[in-house]
């Protein structure tokens with residue numbers, strides 16, 4: 001994960017999942033706000049478990065890259081079977097991927113078996129995955145004092161939000177705002193991971209007074225002096241604030257757009273349905289009237305009465 005691709009690829013995955021959740025939560029809430037219930041994952045029409053399959057595939061690729069493809073010897077251990085210092089980060093990142101894989105796999109199993117605690121257990125598995133992610137990034141073996149450490153500290157804010165809102169989903173399944181915040185936090189995790197990849201491993205984006213240095217098999221950004229380091233950290237904080245504002249504007253704008261789109265669609269369908277029902281009722285009334293008229297004409301007693309009424313004046317005159 002300690003590279004541009006190692007951050008951009010998983011970041012893009014988090015971004016897509018978060019955006020997918022955000023769109024579906026908004027859509028479900030707008031269409032049926034009274035019966036809305038938060039879902040931990042969303043099935044698709046053609047492949048029900050597509051979201052979970054993608055999480056499992058991405059996690060598997062991440063584990064393979066961290067433990068077998070990335071290392072020079074294509075395995076993370078020393079000849080004596082111990083974990084070398086320069087591979088500690090690989091194991092930390094792979095443990096996050098393993099937990100996400102477990103979440104997706106058991107979510108499929110729970111959906112197939114449908115036990116009574118399916119909803120709560122699925123959310124609990126998601127909370128465990130975010131908790132594992134928060135723990136490993138908080139206790140990361142990477143340098144916490146440099147620019148990379150500052151990026152990781154700020155990433156933990158988004159992870160903590162995902163964890164907290166996932167736990168809230170267990171007891172408050174009807175809360176749209178909790179689901180909305182969770183979706184934004186997952187999406188923001190992806191955005192911030194991609195930003196980290198580009199800003200830390202693209203030489204043109206390294207702050208003034210800093211440089212890229214190879215340490216323990218990983219490229220790390222170092223700064224020349226305390227002043228350059230503090231300036232670089234302040235720039236990271238400013239970036240974080242910009243992206244928070246940008247993601248917030250995007251999310252709320254998406255909500256307003258989807259509210260307008262789906263409400264108009266629902267209202268149009270309701271009016272059309274009402275008009276069709278009204279037309280059907282009118283057609284039924286006309287059919288009943290025609291049937292009554294036809295019944296009167298076909299009734300011999302009514303014909304006899306009509307004949308009697310026509311001859312009645314003649315009888316009176318006589």
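All of the numbers you see were taken from the coordinates with simple rules; none came from a lab. As the structure is a prediction and not an experimental result, all values here were calculated from the model. Every residue, glycine as well, gets a Cβ built from its backbone with ideal geometry; the counts of neighbours run over all protein chains shown.
Couple of notes before you dig in:
- Fully extending the segment from residue 88 to residue 53, taken as 0.36 nm per residue of separation minus the present Cα-Cα distance, adds 9.8 nm.
- Extended-chain gain in nm, criterion 0.36 nm per residue less alpha-carbon gap, residue 235 and residue 80: 51.5 nm
- Computed over the Cα atoms of segment 156-215, the ratio of the radius of gyration to the Kirkwood radius (Rg/Rh) comes to 1.24.
- Compactness of segment 4-264, expressed as Rg and Dmax over alpha-carbon positions, Å: 19.8, 67
- Cα centroid separation, segment 58-108 to segment 129-208 (Å): 20
- The stretch between residue 252 and residue 265, if pulled fully straight at 0.36 nm per residue, gains 2.7 nm over its current Cα-Cα span.
- Peptides 149-160, 243-254 ranked from most to least packed give 149-160, 243-254, packing being the mean of other C-beta atoms within 10 angstrom over each peptide's residues.
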